[in-house]
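Participant: Pasting a structure here, questions to come.
The values are calculated or read from the model by the stated rules, or taken from the named source; none is laboratory data. A quick note: this is a predicted structure, and the numbers were derived from the prediction, not measured. Virtual Cβ from ideal backbone geometry, glycine too; neighbours counted across all protein chains shown.
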Amino acid sequence: MGLFFGTDGLRGIINEDLTQNIAYKIGNALSILTENPTIVIGCDTRISNTYLTLAVANGAMSGGAKVIDVGVLPTAGIAFITKTIGADYGVVISASHNSAEYNGIKVFDKKGYKLSDKEEERIERCFIREKINVFPNIGTYTQDFTLVKLYRKYLMEASKVSLEGKTIVLDCAYGAAHRIAPEVFRRLGAKVIAANCVEDGLRINDNCGAVHPENLIKRVFRYKADMGFAFDGDADRLIAVDEKGKVIDGDMIIYGLAKYFKKNGKLRYNTVVGTSHTNIAIEEDLKKEDIELIRTDIGDKYVLAKILEKDLSLGGEQSGHVIIKDLATTGDGILTAITLANMIIELNVSMSEALEIDLYPQSNKNVIVEDKFRIMNSEELGKEVAKYNTELNGLGRIMIRASGTEPKIRVMVESKNKELNEKIANGIVGAIKRINAEV
């Protein structure tokens, strides 16, 4: 990671961590790295989107770029359009699952893949200079909101069966999926119960969507739905709820799809990619199905890198980023939901039957800190973790990591003993807070 970019692009609070000047520099850097590039820009529904979109566009046009603004669209849609129309870059203005005061910038290459860490570092190195073309060699800016039709057609064609007879609740988190997801599912034949499916940039992710599935559970029960799907602000992640109200996270989605793809001969090398956070039970149960789980660092770009390296077809994160490589170049919550619905219909089972697995209990905590890297390298924290690892006695695991997008340290304790997990996690959080107070 560079100084500005994290594990999923650049992100921060508007005009504190993420300024118009930084956005301008990113746009200008793309025109330095590629001569007169064509750049697709899209966004979610945040009220700061125009502010940042125009800043990126201005920076890019200063260096001679052709900018095409496609408006509000899921991240995966922007990646798809970038690849389909032959643009050089796709830029997404979104802070994903974060609240309204945040925004972010993600960059895709011409093949629809997120830039690697090294490529993001190249962008940052361009920040120290500026490319300003003289007239008439300046760039252009156009809006083309009709390009969404390409993405909608692609999603429709991804479904191999009709969804007629299924009642599906969609929670679009007031974000980028608010219009296209209900439309696609209705066209595919489902009865759609749309929740938080209006454009409201001040309420994006607010007590709704993938980070708050408890509201989806209530609606699934209320409408006696067959399943429910919740997206985050830019709809690149999916959290589902089965007909019994059980939350289906990214681990469980990967588990179900891996078995489904293997049955259909579509799971290359009978191998799937997860992360260091993937539940141990997933790995154990997949092994019984002769499916290998490969783990990577947390971050969907690292999952994708491993998929490409090993020529695999499926991978994802517990948070709901799922990459179906034969269909997409990045995580696509809507596509994943369609694939899950197809699986349920083709197997002629309920979602609860298809995705039944007893996960190891996990205790997950987030701690806001002043200097996450200093704390992560603290000798005191290391001693605390060593003490608790002794207590686990090899029957579980502790994971502590610095967030790649926020000033937080994330703590995860996993074992079959839920009470012990909670006790250890709270102990580690207490140690982190003590160290943080000494800053």
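Participant: Inside segment 49-70, can you point out the residues that are more than 20 Å from the chain's Cα centre (by Cα) and either polar (S, T, N, Q) or at positive phi (or both)?
Facilitator: Within segment 49-70, 50, 53, 58, 62, 64 meet the criteria.
Participant: Another question about this same structure. Looking at segment 385-405, I want the residues that are within 30 Å of residue 8 (Cβ to Cβ) and have a partner that is assigned to a loop (DSSP other than H, G, I, E, B) and among the aliphatic types (A, V, I, L, M) with Cβ atoms under 9 Å, at least 6 apart or on another chain. Which pairs are those?
Facilitator: 399/298; 401/298; 402/369; 404/1; 404/298; 405/95
Participant: Which residue pairs have Cβ atoms closer than 7 Å, lie 6 or more positions apart in sequence or on different chains, and pair a first residue in segment 340-359 that is of a type outside the set (A, V, I, L, M, F, W, C) with a second residue that is in a loop (DSSP other than H, G, I, E, B)?
Facilitator: Listed by first residue and then by second, the contacts come to 342/159; 342/160; 342/161; 346/161; 350/243; 352/243; 352/244; 352/246.
Participant: Using the structure shown, decide if residue 161 is under 18 Å from the mean Cα position of the chain (by Cα) and over 17 Å from residue 73 (Cβ atoms).
Facilitator: On the way: under 18 Å from the mean Cα position of the chain (by Cα): no; over 17 Å from residue 73 (Cβ atoms): yes.
For residue 161, the condition - under 18 Å from the mean Cα position of the chain (by Cα) and over 17 Å from residue 73 (Cβ atoms) - is not met.
Participant: Which residue pairs have Cβ atoms under 8 Å apart, sit 6 or more places apart or on different chains, and have a first residue in segment 227-243 that is closer than 12 Å to residue 169 by Cα and a second that is of a type in the set (Lys, Arg) and in a strand (DSSP E or B)?
Facilitator: 231/237
Participant: Can you name every residue in segment 55-92 that is within 19 Å of residue 148 (Cα to Cα) and without any contact (Cβ under 8 Å) to a residue 60 or more places away in the chain?
Facilitator: Our first condition is that a residue be within 19 Å of residue 148 (Cα to Cα); within segment 55-92, this holds for 66-92.
Once the filter is applied, which keeps residues that are within 19 Å of residue 148 (Cα to Cα) and without any contact (Cβ under 8 Å) to a residue 60 or more places away in the chain, segment 55-92 yields 78, 82, 86, 87, 88, 89, 90.
Participant: Another question about this same structure. If I go through segment 411-439 residue by residue, how many of them are more than 17 Å from residue 369 (Cβ to Cβ) and outside any helix (DSSP H, G or I)? Full working, then the answer.
Facilitator: In the first step, residues of segment 411-439 are kept if they are more than 17 Å from residue 369 (Cβ to Cβ); the result is 413-424.
Narrowing the set further to residues that are outside any helix (DSSP H, G or I) leaves 413-417.
Result for segment 411-439: 5.
Participant: Can I ask one more? Here are some residues: 304, 347. Which one is surrounded by fewer than 20 Cβ atoms within 10 Å (Cβ to Cβ) and of a type in the set (A, V, I, L, M, F, W, C)? First the steps, then the outcome.
Facilitator: Details: 304 fails: surrounded by fewer than 20 Cβ atoms within 10 Å (Cβ to Cβ).
Result of the check over 304, 347: 347.
Participant: Hey, could you check segment 4-41 for residues that are touching an Asp or Glu at 6+ places or on another chain (Cβ under 6 Å) and part of a loop (DSSP other than H, G, I, E, B) and say which is surrounded by the fewest Cβ atoms within 10 Å (Cβ to Cβ)?
Facilitator: Result: 34.
Participant: Separate question: What number goes with the only condition from (1) under 30 Å from residue 167 (Cα atoms); (2) surrounded by 14 or more Cβ atoms within 10 Å (Cβ to Cβ); (3) touching a helix residue (DSSP H, G or I) at 6+ places or on another chain (Cβ under 7 Å) that residue 358 does not pass?
Facilitator: (2)
Participant: OK, next. Within the group 237, 186, 203, 222, which residue is of a type outside the set (A, V, I, L, M) and more than 23 Å from residue 44 (Cβ to Cβ)? Before you say what the answer is, go through the steps one by one.
Facilitator: Working: 237 fails: more than 23 Å from residue 44 (Cβ to Cβ); 186 fails: more than 23 Å from residue 44 (Cβ to Cβ); 203 fails: more than 23 Å from residue 44 (Cβ to Cβ).
Unique residue meeting the criteria: 222.
Participant: Is it the case that residue 59 is under 25 Å from residue 305 (Cβ atoms) and small (Gly, Ala, Ser)?
Facilitator: Numbers: under 25 Å from residue 305 (Cβ atoms): no; small (Gly, Ala, Ser): yes.
Criteria not met by residue 59.
Participant: I'm trying to understand the selection: among the residues of segment 330-371, which are among the hydroxyl-bearing types (Ser, Thr, Tyr) and over 30 Å from residue 116 (Cα atoms)? Explain how you work it out, then say what you get.
Facilitator: Of all residues in segment 330-371, those among the hydroxyl-bearing types (Ser, Thr, Tyr) come to 330, 336, 339, 350, 352, 360, 363.
Across segment 330-371, the qualifying residues are 350, 352, 360, 363.
Participant: May I ask you to list the residues in segment 201-224 that are crowded, with 23+ Cβ neighbours inside 10 Å, touching a helix residue (DSSP H, G or I) at 6+ places or on another chain (Cβ under 9 Å) and assigned to a loop (DSSP other than H, G, I, E, B)?
Facilitator: 205, 208
Participant: Given the condition under 28 Å from residue 214 (Cβ atoms), in contact with an Asp or Glu (Cβ under 7 Å, 6 or more places away or on another chain) and in the same structural domain as residue 231 (by TED's automatic domain parsing), answer yes or no: does some residue in segment 258-269 qualify? Show your work before the answer.
Facilitator: Step one: list which residues in segment 258-269 are under 28 Å from residue 214 (Cβ atoms), which gives 258-260.
Now drop any that are not in contact with an Asp or Glu (Cβ under 7 Å, 6 or more places away or on another chain), which leaves 259.
Still in the list and also in the same structural domain as residue 231 (by TED's automatic domain parsing): 259.
Yes: segment 258-269 contains one or more residues that are under 28 Å from residue 214 (Cβ atoms), in contact with an Asp or Glu (Cβ under 7 Å, 6 or more places away or on another chain) and in the same structural domain as residue 231 (by TED's automatic domain parsing).
Participant: In segment 378-410, how many residues are polar (S, T, N, Q) and in a helix (DSSP H, G or I)?
Facilitator: To start, the set of residues in segment 378-410 that are polar (S, T, N, Q) comprises 378, 389-390, 393, 403, 405.
Checking the rest, the ones that are also in a helix (DSSP H, G or I) come to 389-390.
Matching residues across segment 378-410 total 2.
Participant: Grab the strands (runs of 3 or more DSSP E) fully contained in segment 76-174, keeping just those with 1 or more residues being surrounded by fewer than 20 Cβ atoms within 10 Å (Cβ to Cβ) and not basic (Lys, Arg).
Facilitator: Working: elements: 89-93, 102-108, 140-143, 167-171.
Here the list reads 140-143, 167-171.
Participant: Within segment 156-176, which residues are in contact with a Leu (Cβ under 9 Å, 6 or more places away or on another chain) and acidic (Asp, Glu)?
Facilitator: Listed by number, the residues that qualify are 164, 171.
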